[in-house]
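What follows is calculated from the coordinates using simple rules that are stated; it is not laboratory data. None of these values were measured; they are calculated from a predicted model. Here Cβ is always computed from backbone atoms with ideal geometry, including for glycine, and neighbour counts include all displayed protein chains.
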Amino acid sequence: MIKVLPFFLLFMLVPGISYAMHIAEGFLPLSWCLFYFLLVVPFIAAGMKKITSLYELDKKNKMLIAVCGAYIFLLSALKLPSVTGSCSHPTGCGLSAILFGPLVTSVLSLIVLLFQALLLAHGGLSTLGANTFSMGVAGPFVAFAVYSILKKKNLKIAVFLAAALGDLFTYVVTSLQLALAFPSSSGIFSSAVKFLSIFSFTQIPLAITEGLFTVVLFDYLVKNYPEIKKLGEFKI
Amino acid sequence: MKKNILLIVLAFAIIIFSLYMGSQRGDLGGADEKIEEVIKEISPNYRPVFKSIFEPPSGEIESLLFALQASAGAFVIGYFMGKVKND
């Protein structure tokens, strides 16, 4: 955090447009749309299978998966202001990735993204694959990895960093997806730097906020529903 | 419990700080439309391949649907919290 701070301050002084959130309908060439659809299919299939096996294992999991989905619904509806002068929203995927792993999270993200694409013209049907990949696969895998590495050292810090970094990484991947599809005249790299510098800075305060909320909810769940700790032991 | 309240207060402080800083630097507009401008700047010949099937006819309807999404999520979380506490 301290290392990032100078850049953070620098960025606040540099005017410029900022944007964030999912890739809009139509703003990804067809071949890339197809590529990401194919890429997420195995994750969705494995996620559905895992959800079915979780139901069979314990009926209570059904309710808890619903809570994780509801948390994604809630957080991704909240467009929050960012220091860069534009609004973006957190993803809410951290909780689900921590409790049930990234594959279940892929399915839940798909549901939320579908809702937003159909009813809100936010994201899009053609870009559903790409958005599911960034929000439901890339982010949750980072969150899950961070949580797995840190949970034995400090549970709360593990939850905080998992949620915050998963959120941030989602938008890093979105900028890379845009850069790959729209390389500037001087190449993919300069395009990526452009998308990334704007994207990641907008998302930093939101990622911290999401981390804090997730710690509070996780703490409440652990205290009132002790079985939840067993869930953390699940493998991918 | 007290710690959690502090964390929530901290989260709100970050949001309020961002609102203050952000409103001085930009219009705090919804950002996805701006993607369009940047993409057009990078590749001027690009035309959107698809259009949304349904778009909320006005800002009011859009905020209605976003509020519906948030409240549906909050309802399920609240229901579960109440249930596990009483079980």
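Structural remarks
- Selection status of A:A179, surrounded by fewer than 21 Cβ atoms within 10 Å (Cβ to Cβ) and free of Cβ contacts under 8 Å to residues at least 60 places away in the same chain: no
- Lone unmet requirement of (1) in a helix (DSSP H, G or I); (2) among the polar types (S, T, N, Q); (3) surrounded by 24 or more Cβ atoms within 10 Å (Cβ to Cβ) for A:S126: (1)
- When segment A:151-173 is limited to residues that are touching a residue at least 60 places away in the same chain (Cβ under 8 Å) and under 10 Å from the mean Cα position of the chain (by Cα), the one that is nearest to A:S197 (Cα to Cα) turns out to be A:Y171.
- Here A:G166 qualifies as in contact with a Gly (Cβ under 8 Å, 6 or more places away or on another chain), away from every other protein chain (no Cβ under 12 Å) and of a type in the set (G, A, S).
- Within segment A:189-224, tally of residues that are over 30 Å from B:K40 (Cα atoms) and either in contact (Cβ under 8 Å) with a residue 12 or more places away in the chain or more than 7 Å from chain B (Cβ to nearest Cβ) (or both): 14
- Selection count where residues are within 7 Å of chain A (Cβ to nearest Cβ) and part of a helix (DSSP H, G or I), scope segment B:51-82: 12
- Within segment A:99-123, if we keep just the residues that are farther than 22 Å from A:W32 by Cβ and within 14 Å of another protein chain (Cβ to nearest Cβ), the residue that is surrounded by the most Cβ atoms within 10 Å (Cβ to Cβ) turns out to be A:L108.
- Residues of segment A:58-93 that turn out to be among the small types (G, A, S) and free of Cβ contacts under 8 Å to residues at least 40 places away in the same chain, as a count: 3
- The set of residues from segment A:182-206 being assigned to a helix (DSSP H, G or I), among the small types (G, A, S) and surrounded by fewer than 23 Cβ atoms within 10 Å (Cβ to Cβ) comprises A:S190, A:A192, A:S197, A:S200.
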